Amino acid sequence: MRAAEVIVESLKAHGIERVYCVPGESYLALLDALYGSGIEVIICRHEGGAGFMAVAEAKLTGKPGVFVVSRGPGATNGSIAVHMAEQDAVPLIMLIGQVARDERTRAVFQEVDYGQFFGGMAKAVYEVQHGVRLSEIMPRAFRLASEGVPGPVVLALPEDMLHDDVEDLEMLVYPLAQVHNAPSDIDHIQDLIARAERPLVIAGGLLRGTAGAEALRRFASAQRVPVAVTWKNQDVFDNGSDLYAGHLNFGTLASQRKILAGADLIIAVGTRLGDVASLGFTLPHAPQPAQTLVHIYPDGAPIGRVIRADVGLVADPIVLLNGLAQSARVVSAVRERWVSEVNGVTKETQKFVSPLPDDGVDFGAVTMALEKLAPADAIITMDAGNMTTWVHRHWKMTPKNTLLGGIVGAMGFGVPAAVAAQLVEPTRMAICFVGDGGVLMTGQELATAMAYGAAPKIVISDNGIYGTIRSHQERHFPARVSGTKLVNPDFSAWAKSFGAEAFTLQLGDDVEAVVDAFLSAKGAAVLHVKSSKVALSAGGVLKTS
């Protein structure tokens, strides 16, 4: 077979059902090998959108997402997804058509040294010089992407190599290395929990999915330990539970920070404990926490890297939580008072009160209407921006939901993520929250949705500014607006031009009625919200110049 066919057969062996791409002449042989292979090829409108879709699929399924790009500009356009996969700890495979082998190092058309370009972001970068090596490198790439701290692996494929003749080979799949904990580890952690009066769990993204969320629920219920979820991972625990301790993010309120800082034991599980998850390295404090710290992760690299851990355990967090759920002891009245105090503060933060702006629609009120009327199992995709704060603070998600957002904070993720979500799980509704800045970065992927019959519901907050940057600007350089004003199209007309249904919300409209009609649309739909500049974020008011 051709080397290109080896790649396709390996993708199939690894359970890949679809790949996302923008076509390029540097990998025509691979496109040909995909023809009739059974793997769906999703043709996107920009390599950044293709990469974001692959990341979203990986977040949704737990398996590596795959996207394919051409050399040079195609690869550099797609680099945003590689950065996201590294920051978000998401398994991702990027396949790049490279210049021919005899042209390398001659500074030819669109030539890039991908080892240098992606070396600081990817877990590995391989340029495959001989087709026969693919049977080894493909399974290695998939193993690396998923093992330990998940992340991106980049494969550069010289266009002439894709035509190499390769003997029919068995398509290998390398099993992941197993991490285990001993019974004594459970006993030790259980003893720390039993002696703690104010324990707290910080739950991260490796608990995504049914198994992780259920293990976390069983553990928290059995041990009666409050659970705070890390940024963009609020769907791993029921936000309406009396054990919910809130969402740790850039906008975590002072009242929540204060109550959680009173913990005497922190169990960080399935998180690397980065700067956002630890509230700027204050919970737990770096380098020496005020609390006893137990850090559980299937890779030792993040444990103790910045914050000293009293117990650092390289283990499968799901297996360990299930074990601890079975070892729970009698919980004291002191513990129950702690649970009540933490959840009392959390419930206060979840209450929504509209500031009743007069310069546009209150986007918080739109969010509340969407929460009320959306299906219980809705997939929520988030772009970057202040409009997401209402979702994080006020939407009481459960593990029936799936939240897809970028920890890396990249604008442009929301729309491609919603398209991918609908392709992967077409029976669930995907609702995208995006601002007027982010939607014009990758909103053209609505064309991809229409081409493949996907029906995302896209909610656009249109307030005519780069809101997050403007809020910082007004704080540091008041009355000196520079670079943050936007001139926007009519987003309703824009949506209709793709063939999507369009709904517009203006000040004075019946929010709930319009939202209900929007969610009831049969196909892809866009809700154009002419939102307030002043009521810029949950609990925040922008003083405009």
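Summary of values
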| read-out | value |
| --- | --- |
| Contact order normalised by residue count of region 430-545, Cα under 8 Å, 6+ apart, percent | 31 percent |
| Exposure proxy order (Cβ contacts within 10 Å, fewest to most) of SER135, SER461, SER278 | SER135, SER278, SER461 |
| Cut-off 12 Å between beta-carbons: net charge of the residues surrounding CYS21, Lys and Arg +1, Asp and Glu -1 | 0 |
| Whether region 90-148 is rounded, prolate or oblate, judged on the alpha carbon gyration tensor where a/c under 1.5 counts as rounded | oblate |
| Distance between region 136-173 and region 332-388 - C-alpha centres, whole angstrom | 43 Å |
| Antiparallel content of DSSP bridges confined to the chain, in %, to 5 | 5 percent |
| Counted charge near THR282, where neighbours are those whose Cβ lies closer than 15 Å (Asp, Glu -1; Lys, Arg +1) | +2 |
| Residues with amide H under 5 Å from that of THR504, placed H, sequence gap 5 or more | HIS528 |
| Span from the region 64-85 Cα centroid across to the region 446-525 one, whole angstrom | 26 Å |
| Antiparallel DSSP beta bridges within region 183-347, as percent of all bridges there, nearest 5 | 5 percent |
| Ranked GLU40, GLU425, GLU57, criterion: other C-beta atoms within 10 Å, fewest first | GLU40, GLU425, GLU57 |
| Environment charge at ALA54 (Cβ cut-off 11 Å; Lys +1, Arg +1, Asp -1, Glu -1) | +1 |
| Amide proton proximity set for GLY312, modelled H, under 5 Å, gap of 5+ | HIS295 |
| Order of LEU440, LEU356 under a 10 Å beta carbon neighbour criterion, fewest first | LEU356, LEU440 |
| Value of relative contact order over region 183-347, rounded to a whole percent, pairs C-alpha under 8 Å and six or more apart | 29 percent |
| Cα shape, the chain, gyration tensor, a/c 1.5 rule | oblate |
| Shape category assigned to region 276-334 from the gyration tensor of Cα positions, a/c cut at 1.5 | oblate |
| For the chain, size of Cβ-based charge dipole, Lys and Arg +1, Asp and Glu -1, in debye | 1780 debye |
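Values in this text are rule-based calculations from the coordinates and carry no lab data. Treat the numbers as computed from the prediction; the structure is a model and nothing was measured. Glycine also receives a Cβ, built like all others from the backbone with ideal geometry; neighbour counts cover every protein chain displayed.
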